[in-house]
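*Asks:* Here it is: the structure, laid out below.
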Amino acid sequence: MTDVVRYERRGATGVITIDNPPVNALGIPVRKGVFACLDRAEGDADVTALVLIGAGRCFSAGADIREFSRPPEPPTVREVIEKIRDCPKPVIAAIHETALGGGLELALGCDYRIGAPSARVGLPEVKLGLVPGAGGTQRLPRLIGVGPALRVILGGEPVPAAEALALGILDEVVEGNLADGAVAFAERVVAEGRPAHRTRDLEAKPPKAPDAPDVFDRARKGIGRRARGLIAPDLCIESVENALRLPFDEAMRKEREFFVRCRESDQSKAQRHVFFAERQAARIPDVPADTAVISIRRAAVIGCGTMGAGIAITFANAGIPVHVLDVSREALDAGLGLIRKTYAAGVSRGRISEADREARMDLITGTADYAGIRDADIVIEAVFEEMDLKKKVFQTLDRVCKADTILATNTSSLDVNEIAVTTARPEKVMGTHFFSPAHVMRLMENVRGEKTSKETVASVMGLSRRLGKIGVLVGVCDGFVGNRMYHAYTREANFLLEEGALPQQVDKAIYDFGFPMGPFTTGDLAGLDVGWRIRQRRAKTRDPDERYSPIADRICEMGRFGQKTGAGWYRYEKGGRTPIPDPEIEKLIVGVSDELGIQRREIGDREILERCLYALINEGAKILDEGLALRAGDIDVIWIYGYGFPVHRGGPLFHADTVGANVILDAVRRLHGTHGAAFKPAPLLERLAREGRGFHQG
Ligand code: 3H9
């Protein structure tokens with residue numbers, strides 16, 4: 001009926017197939033096509049029932065998110081669903097793989113839903129800063145009850161077929177050919193004379209134990225910290241609440257109002273930006289998608305500390321066999337012990353089954369001998385952050401590994417080019433910067449050296465995806481993209497302490513902005529000693545005229561390395577993780593201000609945010625201009641997935657666009673006047689302000 005929707009007859013059943021690659025998004029041509037097919041089937045006297053099915057990868061990934069920035073064009077998804085409602089013949093949705101968002105809402109508008117065992121259904125709108133907008137908050141509670149519906153809507157995660165069947169989202173799971181199964185199901189419905197089965201006509205099911213009686217209060221509390229500052233989760237709850245207290249049509253009107261409010265909000269715009277930026281990051285302009293890649297069947301990790309262990313778990317979780325090498329038998333045993341402990345915690349929290357734990361542990365082999373890793377297709381070095389040590393490891397790897405093995409380093413700051421040239425295969429050397437804990441954090445900063453080949457880049461970027469990570473390609477500079485920006489951000493945080501603020505005040509302002517924690521709490525969690533060692537190494541090359549805050553060094557000199565030593569920027573109760581402001585640190589900070597002759601003053605939250613965030617943005621602009629990141633969106637993705645930048649603000653450079661380049665430049669110039677070199681305006685920021693553009697426009 002249109003290029004993307006087909007109609008055919010199979011006996012007395014009309015089959016409508018959505019075929020809109022890659023994910024059958026419900027854009028205008030699809031909506032028009034389904035609408036027209038429904039018209040045709042209604043008028044066909046020989047058709048007794050209809051099947052709605054998707055071709056290709058999935059049933060449907062929902063509304064076409066790209067259309068949200070344009071005025072809606074009829075028929076809307078809701079109007080298509082109303083057309084199904086008014087259809088005098090039963091309509092059966094047949095789902096394979098994913099039915100998400102508007103895709104599931106379309107299926108909920110049908111009389112019955114059957115699924116292949118691969119089916120996964122969900123309403124992920126909340127992850128885009130949205131409320132489901134085509135009846136999801138009304139039909140789902142009617143079908144499965146408000147408690148389970150709230151869990152599906154607020155979690156945003158897809159529900160697998162078996163669970164969807166148990167909940168009542170699916171009426172049947174069909175093995176074998178889905179289209180055949182759907183036609184047979186349709187014929188059965190007609191033969192049995194089953195009446196129309198419209199979800200809208202059902203009563204919303206009030207909460208039952210264990211959700212009763214205060215399911216909504218508990219949902220609000222449950223989303224707590226996770227939903228801090230977000231508008232969509234609360235509106236999702238209110239909309240589901242409306243399913244119980246308002247007539248269907250009125251609750252639907254409200255749902256639409258909430259959806260539009262969210263769609264137009266900066267928050268949803270930011271979250272939609274992140275959705276696309278995340279996918280865009282996988283594209284490397286000079287490395288075409290069909291570039292030959294090295295097939296990675298087996299990996300090795302060198303160094304079995306916290307990082308090495310986390311990386312090994314990441315490989316095993318993705319089903320890739322991995323050797324873990326540590327030349328010290330003791331360190332190896334400790335590392336393997338850490339891996340076992342991590343998996344045991346996963347089992348006890350119900351995240352993985354015993355069988356999975358066994359299978360994954362079986363993929364990990366420890367060795368103290370380089371000969372044992374000869375067959376690896378990629379080796380990731382995660383030894384101590386020392387250039388000489390890393391060079392030695394790479395020379396050994398170059399000698400023992402087969403010729404096409406990729407040699408990667410997990411360094412967070414050292415020069416990948418310098419490491420690469422110590423080998424006879426610099427084209428196969430790259431940085432793979434994981435973030436701690438490596439098996440949890442989704443970011444991988446993939447560092448391309450001067451000599452890294454396109455094949456190596458394509459292989460490592462592909463590997464990131466296989467590992468379930470978001471790989472972002474960056475160039476070589478001190479700290480790469482993420483840590484170089486982090487340095488600019490924490491440097492300002494430290495200067496603020498010298499000028500009058502306290503750690504808890506800075507942390508609160510950053511937390512209130514939406515980060516999971518401020519820089520000092522983060523420092524205590526990550527450990528302060530690594531940064532201290534890096535600073536000591538750099539001390540000789542530091543420009544003596546450059547402003548330098550000694551506070552962090554003094555804290556380390558006291559043996560306070562953060563949570564692991566029970567004290568850092570804060571103090572901690574024995575075994576506790578709650579940072580407690582420490583008068584001793586306040587005394588130290590005030591003492592440093594005195595020493596430096598700085599008159600302490602009242603510092604407000606606004607200044608804290610400007611100083612920390614604008615330093616971050618200014619540095620990001622320099623990095624972009626220097627070509628060390630491919631796009632502004634890549635920097636946003638790095639900061640969201642590696643550093644906890646609030647997703648509803650879209651990352652530092654998206655946030656900069658919402659504030660305006662000219663506003664930020666004015667502030668940066670003012671700060672440059674008072675706080676010196678660190679705020680030297682980035683030329684790119686100046687250009688954007690002059691041209692009235694943003695980082696993401698043009
Ligand atoms: C909604 O439905 C609102 C309704 O309540 C109300 C309506 C009135 N639109 O992720 P992939 C693109 S809101 C447009 O790499 P995978 C994606 O950008 C929507 N484009 O594949 C990529 O393009 P490119 C609620 C979309 O196999 C390509 O498809 N739905 C959409 O790893 C492949 O994507 C969601 O939030 C879309 N809806 O994962 C689901 N979806 O190749 C969003 C994907 O140019 N989608 N694209 O980079 C997903 O979660 C995943 O894409 C999915 C497949 C799991 C489906």
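The values are calculated or read from the model by the stated rules, or taken from the named source; none is laboratory data. Please read these numbers as outputs of a predicted model, since none were measured by experiment. Counting neighbours? That spans all protein chains shown, and the Cβs are built from the backbone with ideal geometry, glycine included. Note: accessible area is taken over every heavy atom of the protein model, side chains too, but ligands, DNA and RNA are not part of it. Shrake-Rupley method; radii C 1.70, N 1.55, O 1.52, S 1.80 Å.
*Asks:* Length gain on complete extension for the stretch Ser353 to Glu573, per 0.36 nm per residue less the alpha carbon to alpha carbon distance?
*Replies:* Residue separation times 0.36 nm, minus the Cα-Cα distance, leaves 75.8 nm.
*Asks:* Report, in deg cm²/dmol and to the nearest 500, the calculated mean residue ellipticity at 222 nm for the chain, where each DSSP H run with n ≥ 4 adds -39500 (n - 2.57) and the sum is divided by the residue count.
*Replies:* It comes out at -14500 deg cm²/dmol, rounded to the nearest 500.
*Asks:* Between the stretch 14-35 and the stretch 611-635, how many Å separate their Cα centres?
*Replies:* The two parts, judged by their Cα centres, are 40 Å apart.
*Asks:* Rank by packing, highest mean first: peptides 402-415, 88-101, 272-285, with packing defined as the count of other Cβ atoms within 10 Å averaged across residues.
*Replies:* The packing order, highest mean first, is 88-101, 402-415, 272-285.
*Asks:* Could you tell me what a quarter of the Cα convex hull surface of the stretch 1-160 works out to, in nm² with one decimal place?
*Replies:* Projected area, direction-averaged: 8.8 nm².
*Asks:* Please compute the net charge surrounding Ile406, taking Lys and Arg as +1 and Asp and Glu as -1 over other residues with Cβ under 15 Å from its Cβ.
*Replies:* For residues surrounding Ile406, the net value is +3.
*Asks:* Roughly how many Å² is the accessible area per residue of the stretch 1-109, as a whole number, for a 1.4 Å probe?
*Replies:* That works out to 39 Å² per residue.
*Asks:* Another one. Name all residues of the stretch 160-181 having a backbone nitrogen under 14 Å from the label point set 7 Å from the Cα of Leu202 along its Cα→Cβ direction, giving them as ranges.
*Replies:* 164-172
*Asks:* Still on this structure: Report the extension gain between Val440 and Lys564 in nm, rounded to one decimal, defined as 0.36 nm multiplied by the number of residues separating them, less their alpha carbon distance.
*Replies:* Gain on stretching Val440 to Lys564: 42.7 nm.
*Asks:* Helix 482-499 sits at what angle to the longest principal axis of the chain, using alpha carbons and giving 0 to 90 degrees rounded to 10?
*Replies:* So the inclination is approximately 60 degrees.
*Asks:* How many Å³ per residue does the convex hull of the Cα positions in the stretch 508-547 occupy?
*Replies:* Convex hull volume per residue, Cα atoms: 84 Å³.
*Asks:* Could you tell me how many degrees, from 0 to 90 and to the nearest 10, lie between the Cα long axis of helix 503-513 and the main elongation axis, the longest principal axis, of the Cα atoms of the chain?
*Replies:* The helix 503-513 is inclined about 30 degrees to the chain.
*Asks:* When the expected Rg is taken as 2.2 N^0.38 Å, what fraction or multiple of it is the alpha-carbon Rg of the stretch 461-508?
*Replies:* For the stretch 461-508, the normalised Cα radius of gyration is 1.70.
*Asks:* A further question on this structure: With a 10 Å radius around each residue's Cβ, average the other Cβ atoms per peptide and rank 242-248, 54-60, highest first.
*Replies:* Output ranking for 242-248, 54-60: 54-60, 242-248.
*Asks:* I'd like to check one number: the per residue accessible area of the stretch 299-474, probe 1.4 Å, reported in Å² as a whole number.
*Replies:* Normalised by residue count, the accessible surface of the stretch 299-474 is 39 Å².
*Asks:* If you don't mind, another one. Given R₀ = 51 Å, FRET efficiency for Ala368-Glu584 by Cβ-Cβ distance, to 0.05?
*Replies:* About 0.75, to the nearest 0.05.
*Asks:* Take Ala45 and Arg6, extend 7 Å from each Cα along the Cα→Cβ direction, and tell me the distance between the two endpoints in nm.
*Replies:* Simple spin-label model gives 2.9 nm for this pair.
*Asks:* Based on the alpha-carbon gyration tensor of the stretch 444-544 and its eigenvalue square roots a ≥ b ≥ c, which shape applies: rounded if a/c is under 1.5, prolate if not and a/b is larger than b/c, or oblate?
*Replies:* It is oblate, given that a/c is not under 1.5 and a/b is not larger than b/c.
*Asks:* Which value, in Å³ per residue, describes the convex hull spanned by the Cα atoms of the stretch 165-292?
*Replies:* Cα-based convex hull of the stretch 165-292, divided per residue, equals 230 Å³.
*Asks:* Which of the peptides 308-314, 349-355, 431-437 is most tightly packed, and how do the rest follow, going by the mean number of other Cβ atoms within 10 Å of each residue?
*Replies:* Highest to lowest by the protection proxy: 308-314, 431-437, 349-355.
*Asks:* When the Karplus curve 6.51 cos²θ - 1.76 cosθ + 1.60 is applied with θ = phi - 60°, which whole-Hz ³J(HN,Hα) does each residue of the stretch 40-51 get, with x for Gly and Pro?
*Replies:* Whole-Hz 3J(HN,Hα) from phi for the stretch 40-51: 5, 5, 4, x, 8, 4, 7, 8, 9, 8, 10, 10.
*Asks:* Given the C-alpha atoms of the stretch 86-168, compute the convex hull and give its volume per residue in Å³.
*Replies:* Roughly 81 Å³ of hull volume per residue.
*Asks:* Net charge near Val347, counting Lys/Arg +1 and Asp/Glu -1 over other residues with Cβ under 9 Å of its Cβ?
*Replies:* Within the 9 Å Cβ shell, the charges total +1.
*Asks:* Given the stretch 299-474, what whole percent of its Cα pairs are spread farther than 26 Å?
*Replies:* Considering the stretch 299-474, 22 percent of its Cα-Cα pairs are separated by more than 26 Å.
*Asks:* Ok, one more. Would you compute the Debye intensity of the chain from its alpha-carbon atoms alone, equal scatterers and no solvent, and pass along log10 I(q)/I(0) at q = 0.08, 0.09 Å⁻¹ to two decimals?
*Replies:* Taking Cα atoms of the chain as identical point scatterers yields -0.73, -0.91.
*Asks:* Can you send over the carbon and sulfur percentage of the accessible area for the chain, probe radius 1.4 Å, protein chains only?
*Replies:* Carbon and sulfur: 52 percent of the exposed surface of the chain.
*Asks:* When a/c is below 1.5 the answer is rounded, else prolate if a/b is larger than b/c, else oblate, so apply that to the stretch 20-83 with a ≥ b ≥ c taken from the square roots of the Cα gyration tensor eigenvalues.
*Replies:* oblate
*Asks:* A further question on this structure: Shape of the stretch 296-377 from its Cα gyration tensor (a ≥ b ≥ c, root eigenvalues): rounded if a/c is under 1.5, otherwise prolate when a/b > b/c, or oblate?
*Replies:* Note, shape of the stretch 296-377 comes out oblate.
*Asks:* Within the stretch 542-578, what residues put their amide N at less than 17 Å from the label point 7 Å along the Cα-to-Cβ vector of Ala345?
*Replies:* 563-566, 575-578
*Asks:* For Arg669 and Arg690 in one chain, what is 0.36 nm times their gap in residues minus the Cα-Cα distance, to one decimal in nm?
*Replies:* Separation in residues times 0.36 nm, less the Cα-Cα distance, equals 6.2 nm.
*Asks:* Does anyone have the angle between helix 605-625 and the longest principal axis of the chain? Alpha-carbon axes, 0 to 90°, nearest 10?
*Replies:* 90 degrees
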